[in-house]
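Data block below; observations after.
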Amino acid sequence: LQTYYFYDTDKSPQFELTYLYQIITAYLAVIVYISVDSFLGLVILHVCGQLENFRGRFVNL
C-alpha cells in the first residue's frame, strides 16, 4: 500500500516505528471489524429469540 509520510521512512528508527504503528493499527482495525460483525450476529440472535417468545405468548392468549 503506497502511503506518503512527511519524514524519511528509510532510516533506522523511523522505519521500525512506522512499521510498529502500521502493525498496531492493522490489529486494531481487525478487532473493530470482528467486534461489529459479532455484535450484529448477536443482535440477530437476540431478536430471533424475542420473536419466538412473542410468538409463544401470542399463541397462548
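Values for this structure:
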quantity	calculated
Using alpha-carbon coordinates, inclination of helix 12-59 to the longest axis of the chain, degrees	0
Answer label for Cα Rg over 2.2 N^0.38 Å (calculated), chosen among (i) 1.28; (ii) 2.24; (iii) 1.20	(ii)
Ellipticity estimate at 222 nm from DSSP helix runs (n ≥ 4, -39,500 (n - 2.57)) divided over the chain, nearest 500	-29500 deg cm²/dmol
Farthest toward positive dipole pole in the chain [+1 Lys/Arg, -1 Asp/Glu at C-beta], among Ile31, Gln50, Gln2	Gln50
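Laboratory data are not the source of any read-out in this text; all were calculated from the coordinates shown. Since we're looking at a predicted model, the values are computed, not measured. Note that each Cβ is placed from the backbone with ideal geometry, even for glycine, and that neighbours are counted across all protein chains shown.
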